[in-house]
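Trainee: Can you keep this structure in mind? I'll have questions shortly.
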Amino acid sequence: MGETVDMTEADGTRETVRRHLAAWWETNARDLPWRFGRTTPWGVLVSEVMSQQTQMSRVVPYWRSWMAAWPDAAALAAASTAEVITAWGKLGYPRRALRLQECARVVANECHDDLPETYDGLTALPGIGDYTASAVMSFAYGKRIAVIDTNIRRVLSRVFDGRESLGGATSRADRELAQRVLPDDAVRSTVWNQSVMELGAVVCTAKKPMCERCPVSAECRFLAAGRPGLGERRTRPRQRFQGTDRQVRGLVLNALRAKPQGSQTIGREEIRALWKDRVQLDACIASLDEDGLIEMMPDGSLRLPD
Ligand code: SF4
């Protein structure tokens, strides 16, 4: 009997949270150009790949010019690698650009330029993992599927378990919770995924959640418990950027991107002037070459690949 009452209460709370979040989404969702059915499934996939390690608001101008240049997989497949790396600009982690082009080639050549409409079909593509496949299934195709990213895990853990999500790999408990609270109806599940993710991005942030303006504060167990361990994380803090290999790799790529298209080459002197630690610079150039992001020429100059 007790169990029945508990289940009913839990169901009631879930339903209230869903309704409050859906209403909040209705009036507060950011007007991003890949939302609200204004782009193709391919456009949604591009937005998800770009947003993985970059804030969505920063992604918007890159996404717009990218989609204007290459509106579908076939167009991106036909672009030169140098164009793709240049267009990726300062989005960071540029290997993502090459993986996206690899994915475009498979979609164009093996799928008649149609993005697969199943989770298995999507995860079979190069560079497409669980998160991106679920996001495309939900946001582009409107299917009922739990989307799990860092923001969603943090919000669900706080609201329903009253605990801080500690980061690290997605656990079985994270997946079970996401499944348990996902609405049964496909349309509602899509709104749910988007609104939970949005809440995590703009209100229920990792370090400073704005509980005073949160639409689900009355139901949030984390808030009710006094926000225990707010901001705690299992993972180590992010490495500072200054002086890292990431910074040096970025300097080399930016120097190449800044050259006029068709002659994106830099000579030895220019390369040496980029960074004073020669050992680190050489190691970064070697790793960029290995990743296929640059080509080392016999005379020691560098260029973006064709
Ligand atoms: S009340 Fe605070 S901790 Fe709870 S979901 Fe809202 S913003 Fe996050």
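Each value in this text was obtained by applying a stated rule to the coordinates, not by laboratory testing. Please read these numbers as outputs of a predicted model, since none were measured by experiment. We place every Cβ from the backbone using ideal geometry, glycine too, and count neighbours over all the protein chains shown.
Trainee: Taking 0.36 nm per residue of sequence separation and subtracting the Cα-Cα distance, how much length would be gained by fully extending the chain between Q247 and A22, in nm to one decimal? Spell out each step's value before the answer.
Mentor: On the way: separation 225, 0.36 × 225 = 81.00 nm, distance 4.05 nm.
So the extension gain works out to 77.0 nm.
Trainee: Something else about it: With θ taken as phi - 60° and the coefficients 6.51, -1.76 and 1.60, list the Karplus ³J(HN,Hα) couplings across the range 135-142 in order, rounded to whole Hz; mark glycine and proline as x.
Mentor: 4, 5, 4, 7, 7, 9, 9, x
Trainee: Any chance you could run the full-extension gain for A186 through R163? It's 0.36 nm times the residue separation minus the Cα-Cα distance, nm to one decimal. The partial results should precede the final answer.
Mentor: On the way: separation 23, 0.36 × 23 = 8.28 nm, distance 2.79 nm.
5.5 nm is the gain from fully extending A186 to R163.
Trainee: Still on this model: On a 0 to 90 degree scale, rounded to 10, what angle separates helix 186-202 from the longest Cα axis of the chain?
Mentor: It is inclined by approximately 70 degrees.
Trainee: Please give the contour-minus-distance gain from R213 to A273: 0.36 nm per residue of separation, less the Cα-Cα distance, rounded to one decimal in nm. List each step's numbers first, then the result.
Mentor: Numbers: separation 60, 0.36 × 60 = 21.60 nm, distance 4.96 nm.
Going from the current span to full extension adds 16.6 nm.
Trainee: Starting from the Kirkwood radius over alpha-carbon pairs of the chain, derive D by Stokes-Einstein at 4 °C in a medium of 1.567 mPa s and give it in µm² s⁻¹. Working shown, then result.
Mentor: Details: Rh = 21.5 Å.
Rounded, D is 60 µm²/s.
Trainee: Also: Using Cα-Cα distances under 8 Å and only pairs 6 or more residues apart, what relative contact order does the chain have, in percent? Walk me through the numbers before you get to the answer.
Mentor: On the way: 356 pairs, mean separation 52.6, N = 306.
Relative contact order, the chain: 17 percent.
Trainee: Taking only Cα atoms, what is the 0 to 90° angle, nearest 10, from helix 245-257's long axis to the longest principal axis of the chain?
Mentor: Compared with the principal axis, the helix lies near 60 degrees.
Trainee: Going highest first, how would you order 269-278, 69-78 by mean Cβ packing within 10 Å? Mind dumping the intermediate values first?
Mentor: Details: 269-278: 12.4, 69-78: 18.3.
The packing order, highest mean first, is 69-78, 269-278.
Trainee: Can I ask one more? Nearest 10 degrees is fine. How inclined is helix 95-110 to the longest principal axis of the chain, computing both from alpha carbons?
Mentor: Roughly 80 degrees, rounded to the nearest 10.
Trainee: Taking the Cα centre as origin and putting +1 on Lys and Arg beta-carbons and -1 on Asp and Glu beta-carbons, what dipole magnitude results for the chain, to the nearest 20 debye?
Mentor: Details: 42 positive and 39 negative charges, 264 e Å.
Roughly 1260 debye for the chain.
Trainee: Per-residue counts of other Cβ atoms within 10 Å, averaged by peptide: what ranking do you get for 166-178, 280-292, highest first?
Mentor: Result, highest mean first: 280-292, 166-178.
Trainee: Where does the range 41-140 land on Rg(C-alpha)/(2.2 N^0.38 Å)? Walk me through the numbers before you get to the answer.
Mentor: Working: Rg = 12.2 Å, N = 100, 2.2 N^0.38 = 12.7 Å.
Cα-based Rg divided by the globular estimate yields 0.97.
Trainee: With label points built 7 Å along Cα→Cβ from the Cα atoms of D113 and R64, find their separation and express it in nm.
Mentor: So the label points at D113 and R64 sit 2.5 nm apart.
Trainee: Once Lys and Arg get +1 and Asp and Glu get -1 on their Cβ, which of T118, A79, Q53 lies farthest toward the positive end of the dipole of the range 41-140?
Mentor: Q53
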